[in-house]
Amino acid sequence: MSDNKKLLTEVEDALANCMKCGNCMEVCPIYKEFKTESSVARGKIALMEAVLSGQSDITAGFDKRMAMCVSCKACTAKCPCGVKADELIIKGREAIVKTRGLHPIKKAAFALLKARPLFDFGLRMAGLFGPLAFKKLPGRLATVARFPMPGLDRKRIMAPVASTPLRSQYPEVVKVDNPKFRVAFFTGCTINYIYTDVGQAVLNVLKENDVEVTLPALQHCCAVPVHISGDIELAKVFAKHNIETFERYNPDYIVAACGSCTMAWKKDYPDMFADDPEMKARAEKLAAKTYEISQFLVDVVKFRRDNLGEVNATVTMHDPCHMARGIAVTAQPREVLKAIPGVNFVEMKEPARCCGAGGSFSLAHYDVARTINDRKLADIATTGADTVVTGCGMCRMHITDGLVQSGRNEQVFHTVQLLDKAYKAGKKDEPKKTKDEFHFH
Amino acid sequence: MQSGLLDSLKRIVGTEHVLTNQEDLLCYSYDATPGFSHMPEAVVMPGTADEVAKVLAAANDAKVPVYPRGSGTNLSAGTVPLKGGIVLLMTRMNKIVEIDTANLVAVAEPGVVVADLNKAVEEFGLIYPPDPGTVATATLGGTVSENAGGLRGLKYGVSKHYIMGLEVVLADGRILNTGGKTVKDVAGYDLTKLFTGSEGTLGVITKIIVKLMPAPEARKAMLATFGNLDDAGQAISAIIAAKIIPATLEIMDNATIRTVEEFSKAGLPTSAEALLLIEVDGIPEVVEKEAAKVVEVLKANNAAEIRVAQDAGERDKIWAARRAALPALAKLRPTTFVEDATVPRSKVPDMIRAVNEIAARYNVTIGTFGHAGDGNLHPTIVCDIRDDAEMDRVYKAMDEIFAVSLKLGGTLSGEHGIGVGKLRYMESQFGPAGMTAMRSIKKALDPNCILNPGKLVGECG
């Protein structure tokens, strides 16, 4: 047996636990669109078993089918046998990367991502020169390509790359008088380079609650995109780099404002070093300190509610897959919202159903990603909300893309941005322009 | 498969609706039944009855097997393409054609998921009662073909009690209509019932007229534990003798109780020999009266503990224990066989005792739970299909379980169907005359034996 198949042998018992009941069909967003077996976990598990039994091989066809998964974890949450299908599919992809290499678009993207300084330089340049390539759309953080670009659908609405990354907008330590806690903020790529507005909101809100924030300068991509694509070696390089970087600051807590980034710290990093006890222990130590921002505000800080002003909006919430099923944080963002005076919260149908973004999935499979998103857009419309909040930059971008393309006016924000807005509204002496600033996005 | 036939299939349904890639074929080589798999040569996804007709005509001419398939969740290997050929995937035909509230019927295509049909009729205050465990994934066509039942079988029956008419494509491609929307219809042979539960061996169902029922206004769930299995058995019969027909009357044996408790810590007494879960439904006043009567009967039959759900939350808790039965057992070992041997309800304790004795004798792990009120038990055998020695014992135990159910006056299948999983026991239930009669029907309707060949009645060539 080849070394590549050996990777699958490690999970042979886990694969055998799938009893082929097909319950995953109920919840799989990809199956909902295609209604074919290879699109759902049961089929993918059968394919991996076929590779192991020698009935099949790690072919282009195998690659194509294993790629059809948004890693939303809905199948794993549903499985009566406790099969962690999402993790098994990633194992399948690891075998593919070892045998056949990465998808060409991802390969190019990860090659850039691999060299942190180069990646940083590239995105700074994109922020400065982006307007040459992307036309800004009025009213929100949305742009559309001016000319065809490889790997990018022509009609796709992207968020613009910030002209100044978040971490360059602030000193490395954002101090407060009499800090209650000292936290290190893991910004993640989307908040550092694209949605700096979310990063600013995090810093404002933490300041409001007497929390000192450090933004470790050398932090890098959380590794989730490379990990779910099956490039486990590169993922471990990123994980190790981030662990070493954050250890140096010895913060009370690590805070992230993205479900996937938080999941990486809390779950993926310790799992990645299963066969390296020393690194695993270090990863676990940091994992125990890591919180998603709404979770941190509700569970640890017990955020201030006495000085919140009114935010008049009808709001619905989309739970990102990695928030709902990755780290199981759905109650806290709702508690944040419900604390804000003036907010009329309307729950949408199936708020935790995947929006179709799937991180880098939507780069390689944009059409499918859009079709899945159509269901989310319909669920949003039913609520009559004017504002959608979520906890993931990729979800925000993908839902915004769908709304703009269908000519709709709902705004999409991170939950913490509404809290920031409420604190601002609560300051009587604050100049009136905060409101305009909010609507400008 | 000859390229001429493949070309015809692509012309009929469109190239994009024919799968021939190795990986796709592998994904249709199995269903939810352990131990059976075989690759088809093509997967064909028709969009209309007319396309189904053309596909069958072409396959019939070429004498190539055709295996109709919905979601592939059946437990009797009913959809496994054991002789290669064509898997006819019906999931594209998923429209609800009509909901007719005046006649209390719905008309739907076979690819509609049963739960989706229920969601659609719910807003009219109606239900489609058959609710197999796979209700959220299984298709209407699949459940009708397998004659699926569910938790409400005692009061509401199984699929065949709700099918009023069908559109069926015969093996040679001719389209046939049976039944209709009328409550009374005694004209001719009852072809509707013949095709219902025929497991895709007699024709391909392309449209289904189902009977709907008014949704019950109220429900009340109860749970009772018994230190003695016979007391539980007595209680089951006594409830019915008291002229109460609960919607649901479920039993869990000691092995199942212990497994559920280990996984879910629901506070079930692990020493209890049996647990009964009961739900009465209907008009609120009647429900209250019946629930009180059930409690009385349970007490009279030495129930150790009785819980009556006071609200929706408590009701959910009671049913969570039942829902946990299969997942908890399935988590014990890699392979799970869920059987559905069914006996007259008075024989339920005898059946459970026999299963336990068989499990001990062959050293296999079996938990038994199921629909006690209608005698439909689910002896669930958990094992590892990769262990040949263990599987030898498992299959022997299985043989004995079915033999006992027949001996007790029961049947091989309460709701899962025969497929190939239980084919080897058919002769002992029906005898040579019965098998010959069924094979004659098969041959008359499908002379080339292309429809799901080798299943239900076995080889017919």
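Hey, how much of the P(r) for chain A falls beyond 32 Å, as a percent of Cα pairs?
Tail fraction, whole percent: 36.
May I ask you to work out the translational diffusion coefficient for the range B:340-461 at 37 °C, viscosity 0.692 mPa s, via Stokes-Einstein with Rh from the Kirkwood sum over Cα pairs, reported in whole µm²/s?
212 µm²/s
Run the simple label-point estimate for B:Phe124 and B:Lys193 please: 7 Å along Cα→C-beta, distance reported in nm.
2.6 nm
Please compute, for peptide A:23-31, the average count of beta-carbon atoms on other protein chains lying within 10 Å of each residue's beta-carbon.
The per-residue average across the peptide is 3.
Would you calculate the separation in nanometres between label points at B:Asp230 and B:Ala115, each defined as 7 Å from the Cα along the Cα-to-beta-carbon direction?
Those two pseudo-labels are separated by 4.3 nm.
Once Lys and Arg get +1 and Asp and Glu get -1 on their Cβ, which of B:Val186, A:Leu8, B:Tyr362 lies farthest toward the positive end of the dipole of the protein assembly as shown?
Looking along the dipole axis, the top candidate is A:Leu8.
Specify the inter-centroid distance of the range B:205-248 and the range B:154-180, based on alpha-carbon positions, in whole Å.
26 Å
Would you work out the relative contact order for chain A, in percent, from Cα pairs under 8 angstrom that are 6 or more residues apart?
15 percent
Hey, with R₀ at 60 Å, roughly what FRET efficiency would A:Glu10 and B:Thr101 work out to, going by the Cβ-Cβ distance, to 0.05?
E(calc), rounded to 0.05, equals 0.60.
Projected onto the charge dipole of the protein assembly as shown (+1 at Lys/Arg Cβ, -1 at Asp/Glu Cβ, origin at the Cα centre), which of B:Thr259, A:Val343, B:Ala312 gives the Cα projection farthest towards the positive end?
Checked the options; the winner is A:Val343.
Direction-averaged shadow area of the convex hull around the Cα atoms of the range B:322-375, nm²?
Answer in nm², one decimal: 3.9.
Taking 0.36 nm per intervening residue step and subtracting the Cα-Cα distance, what contour gain separates B:Lys63 from B:Ala241 on full extension?
58.7 nm
Across the residues of A:78-87, average count of Cβ atoms on other protein chains within 10 Å?
That average works out to 3.
Calculate the dipole size of the range A:364-429 relative to its Cα centre from +1 charges on Lys and Arg beta carbons and -1 charges on Asp and Glu beta carbons; express the result in debye to the nearest 20.
240 debye
Got a number for carbon plus sulfur as a percent of chain A's accessible area, 1.4 Å probe?
55 percent
Identify which of A:Val368, A:Val255, A:Val174 has the largest mean-square fluctuation in a Gaussian network model of chain A, with springs joining Cα atoms closer than 10 Å.
A:Val174
Any number yet on Rg/Rh for chain B, C-alpha, Kirkwood?
Radius of gyration relative to Kirkwood radius: 0.98.
Per DSSP helix of 4 or more residues, -39500 (n - 2.57); summed, then divided by the residues of chain A. What does that give at 222 nm, rounded to the nearest 500?
So the helix-based figure for chain A works out to -14000 deg cm²/dmol.
Let's test the formula: R0 of 51 Å, r as the Cβ-Cβ distance of A:Arg304 and B:Glu16. What FRET efficiency results, to the nearest 0.05?
Efficiency for this residue pair is about 0.35.
At 20 Å minimum axial length over the Cα atoms and a Kyte-Doolittle cut of 0.0, report the qualifying DSSP H helices in chain A, or say none.
Span-like helices, by this rule, are A:116-133, A:232-247.
Pairs of Cα atoms under 8 Å, at least six residues apart: use those to get the relative contact order of the range B:332-407, whole percent.
Relative contact order comes out at 40 percent.
Over the residues of the range B:1-125, compute the C-alpha Rg and express it relative to 2.2 N^0.38 Å.
1.18
State the Cα centre-to-centre distance between the range A:332-393 and the range A:163-178 in whole Å.
29 Å
For A:Phe121 and A:Arg408, calculate 0.36 nm times their separation in residues minus their Cα-Cα distance, and state this gained length in nm to one decimal.
Roughly 99.8 nm would be gained on extension.
Using the Cβ atoms and a cut-off under 14 Å, what net charge is assigned to the surroundings of B:Pro344, where Lys and Arg are +1 and Asp and Glu are -1?
Net charge in that neighbourhood comes out at +1.
Counting each DSSP H run of 4 or more residues in chain B as -39500 (n - 2.57), what helix-only mean residue ellipticity at 222 nm follows after dividing by all residues, to the nearest 500 deg cm²/dmol?
That calculation yields -11500 deg cm²/dmol at 222 nm.
Which Cys residues of chain A have no other Cys Cβ less than 4.7 Å away and so no disulfide-compatible partner by this rule?
Isolated Cys, chain A: A:Cys18, A:Cys21, A:Cys28, A:Cys69, A:Cys79, A:Cys81, A:Cys189, A:Cys221, A:Cys355.
Using Cα-Cα distances under 8 Å and only pairs 6 or more residues apart, what relative contact order does the range A:128-235 have, in percent?
Contact order relative to length: 23 percent.
Between B and A, buried accessible area summed over both sides at probe 1.4 Å, in Å² to the nearest 100?
2300 Å²
What list of whole percents do you get for P(r) of the range A:3-101, with Cα-Cα distances grouped in 10 Å bins up to the one holding the largest distance?
17, 55, 27, 1
Within a Cβ distance under 11 Å of B:Arg69, other residues only, what is the Lys/Arg minus Asp/Glu net charge?
Net local charge, B:Arg69 excluded: -2.
Suppose we take every Cα in the range B:232-327 and form the convex hull; what volume per residue is that in Å³?
Hull volume normalised by residue count: 96 Å³.
At R0 = 45 Å, how high is the FRET efficiency between A:Asp210 and A:Lys64 if r is their beta carbon distance? Nearest 0.05 is fine.
Between A:Asp210 and A:Lys64 the formula returns 0.30.
How many Å² of accessible area per residue for the protein assembly as shown, probe 1.4 Å?
39 Å²
Any idea how far apart A:Val174 and B:Val186 come out in nm if each label point goes 7 Å out from Cα toward Cβ?
8.2 nm
Normalised by the empirical 2.2 N^0.38 Å for globular proteins, what value does the Cα Rg of the protein assembly as shown take?
1.02
Return the average number of partner chain Cβ atoms within 10 angstrom of each residue Cβ along peptide B:25-37.
Counting Cβ atoms of other protein chains within 10 Å of each residue's Cβ and averaging gives 5.
If you project the alpha carbons of the range B:96-214 onto the principal axes, what extent comes out on each, in Å, largest first?
So the extents along the principal axes, rounded to whole Å, are 39, 29, 27.
With the full set of protein chains in place, find how many percent of the accessible area of the range B:1-130 is carbon and sulfur; take the probe as 1.4 Å.
48 percent
Just which residues of the range A:60-75 lose 40 Å² or more accessible area with every protein chain there, against their chain alone, with the probe set to 1.4 Å?
For the range A:60-75, once contacts with the other chains are taken into account, A:Arg65 lose 40 Å² or more.
Just give the residues from the range B:353-392 buried by at least 50 square angstrom of accessible area in the all-chains context relative to the isolated chain, probe 1.4 Å, and say none if nothing qualifies.
B:Arg386
Are there any residues in the range B:66-85 with a reduction of at least 30 Å² in accessible surface when going from the isolated chain to the assembly of protein chains? Probe 1.4 Å, please list them by number.
B:Ser71
The values are calculated or read from the model by the stated rules, or taken from the named source; none is laboratory data. Bear in mind the structure is a predicted one, so any value in this text is a computation, not a measurement. Here Cβ is always computed from backbone atoms with ideal geometry, including for glycine, and neighbour counts include all displayed protein chains. Areas reflect the complete protein model, heavy atoms only, side chains present, ligands, DNA and RNA absent. Shrake-Rupley method; radii C 1.70, N 1.55, O 1.52, S 1.80 Å.
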